[in-house]
Every structure is written in C-alpha cells, then in structure tokens.
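Take a look at the structure below.
The numbers here are math on the coordinates, done by the rules we state, and not lab data. Source: prediction; values computed, not measured. Cβ: placed from backbone, ideal geometry, glycine included. Neighbour counts: every protein chain shown.
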Amino acid sequence: MLKYVWLDGRYVQSSRAVVPITTHAIHYGTSAFEGIRAYWNGKNLNVFRLDDHVTRFRRSGAYYDMVLDRPDSEMRAAITGICRKNLIKKSCYIRPFYFVGEHGISLHVTKRAPIRTAVFALPMGRLFGAGGISACVVSWRKFSDGSTPVQAKVGGNYLNSIIATGEAKRSGADEAILLDHSGNVSEAPGENVFVVRNGRIATPPLESALDGITRDAALSIAEDLGIKAEERPVPRSELGAADEVFLTGTAAEITPVISIDGKKIGNGRPGDVTKKMISEYADIVMGRNDDYTHWLTAVYP
Ligand code: PMP
C-alpha cells in the first residue's frame, strides 16, 4: 500500500483511511468504482482515458440513486493527484470508488444516502504474461440486464465475477469466460472477449457485457488497421472455431487467449491480428501515436 490515499476530498495516510463496520457498502455492495491505468513512458506518467472513466464512474452509481456529490473536475484532480502525492514514477493502477456510508440496514437507498468517496493507486505491470493465457467457459452465467443493470460498475455485481473466477482457477485455467442466459458468449470476469476468424473481429454486444473502455479502444484500433470488426452475438461454438481469441480490459490490456477448455486456439500461440492490436495499443498508451494523445492526461506538469 502506498503512503497516501484520497478520502472525501483530502489526502490522508493510508493507515488512517478507515470506515465504520456499519458502512452500508460492506453489507450490500453499494459501491461504484473504476479501474484506471496510468503509464510511465520514461518522461511522464499518463493516465489513459481519464475523462471516459470519470463519466462511467458517475453513471454507475446513478442506476442506484447513489449520487457522486463531487464534480468531475475534482475526481480528475484526485485521480492524477494521488499519483503525484505518492510520487509514482512507474506504471500503475488507480482505483476511484464511492459508496454508501452509514445508512443503517435499510435497502432503501435514495439520493440523500450518505456517500463517501476515495481513490487509491498501486504500482502495476502486466496482469497476464505476454505469451497468452488459458481460459475456460464456466458453468455460472453472466447476470442479465433484466436482473441488475449490466452497465453499472458496482461492487455487488462483482460477486458474479468472483464465483466465475473461482471455478476457472479450480479447473486450472487462468481466466473464466461467462456465457449469457441464451448461451452466447458474454464476457470474462473483468474483461471483454473478442474472437478473430478469417481476419475479421467480433465481440458480443452490450446486452450483458460491460461497455469496456479498452473494448472501445480495440474497436477503434481495428478500424485504423483496416480490420473489419463487428459487435454481434458470439455463439459459444465460435470460441472453439476461432483463429484467435483475445480479452480486453484496463488491467488485462489486450491479452491473447491461447487455449479454451483445454483446446488450442489456432496454433496455440498469440495470433497475428492479436499481436498487431497489442502493438498498436502499446503505442497509444505510451504516447507514440499522435492520433490518440487526447486519450492521455499527464500527471506531472
Ligand atoms: N467487463 C467487466 C465485468 C469488467 O470489470 C471490466 C473492467 N472494468 C471490463 C469488462 C473491461 O472494461 P475496461 O476496458 O473499461 O477496463
């Protein structure tokens, strides 16, 4: 844990950022959060797609009448500020979140419920090895938008991700893939899923998958590279028949999947399309692609 975190408008020592055990969010998962990466390129630390993360952050709570009672400008300043305050000069992961504080045991959360807001950061390199990972389709299904809003990035939703991850790890795979209620591919516990076949890319629509910011970046990169990409239902059988599969997410970046359910994808190595996407993505986050510098926010002046 780094020395400082940001809590309710102030930088405080990590050890002093504590909340009562009666905090509503601990009991019911009433928290909204983001995961953001910042990349150190040898000269500066650049936060990737800060504005988009802050926009999604605010929306996530709104589904539940949890009101982020601080302006976007303050959140942006806290997110870059926590890096400066801790003098971070390496790539890191930043976690802003807000949550219902002391609100008794009531399930009636209204816009007047007390909200607390925090940001912390931690140094983070690659989440997965560059050589690609194994995945398995788990028996647990992704919850549907008819149960709880899929686009809300809120604490409670992540129990679905946690149970799926546990099943995948127990069966020896690095990552889970969840199907939706109709049996099509939905997403991974913390990543969107892409399949590549005959040089074309497909990713499931947003009915049951989070509108990932890296997913959006990948669609944009595909367009730049002249690779046809579509959002459409992806049947489970397409995973096995794909030439390449990759995952996208802030933490996972673009990660090749080289086997699913013990069966090799393609030749069992990261494919050419995936490798091209990874290299473009690295250029963008490191500030080497002038078309995308608007996606980067410098931490140090
Ligand atoms: N799906 C889920 C369920 C996630 O938690 C994440 C991580 N935020 C993603 C997809 C990928 O989203 P992003 O690219 O915005 O990190």
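Some notes on this structure:
- Between helix 272-285 and the chain: long-axis angle, C-alpha atoms, 0 to 90°, nearest 10: 30
- This model, with +1 at the C-beta of Lys and Arg and -1 at the C-beta of Asp and Glu, gives the range 74-169 a dipole about its Cα centre of some 420 debye.
- Distant-in-sequence amide H partners of Leu45 (H built 1.01 Å from N, under 5 Å): Val299, Tyr300
- Under the convention that each Lys and Arg Cβ holds +1 and each Asp and Glu Cβ holds -1, the size of the dipole of the range 148-301 around its Cα centre is about 460 debye.
- Once the Cα atoms are used to define both axes, helix 213-224 deviates from the longest principal axis of the chain by about 40 degrees.
- Note on the chain: with charges restricted to the Cβ of Lys and Arg (+1) and Asp and Glu (-1), its dipole about the Cα centre is near 1040 debye.
- Averaged over residues, the count of other Cβ atoms within 10 Å places the peptides 52-60, 101-109, 69-77 in the sequence 52-60, 69-77, 101-109, highest first.
- Taking amide H positions as modeled 1.01 Å from N, with prolines and chain starts lacking one, the residues under 5 Å from His103 and 5 or more places away or on another chain are His24.
- With eigenvalues of the C-alpha gyration tensor scaled by 5 and rooted, the chain, Å: 32, 24, 16
- Candidate lysines for bridging to Lys264, where Cα separation is under 26 Å - those fewer than 8 sequence places away on the same chain excluded: Lys142, Lys169, Lys228, Lys275, Lys276
- In the chain, the longest principal axis of the Cα atoms and the axis of helix 158-170 are about 50 degrees apart.
- Reach of Lys85 by Cα under 20 Å, taken over aspartates and glutamates that are not fewer than 8 positions away in the same chain: Asp8, Glu34, Asp72, Glu74
- The loop-placed trypsin sites (Lys or Arg not before Pro) in the range 116-194, going by DSSP, that have at most 12 neighbouring Cβ atoms within 10 Å of their Cβ come out as Arg126.
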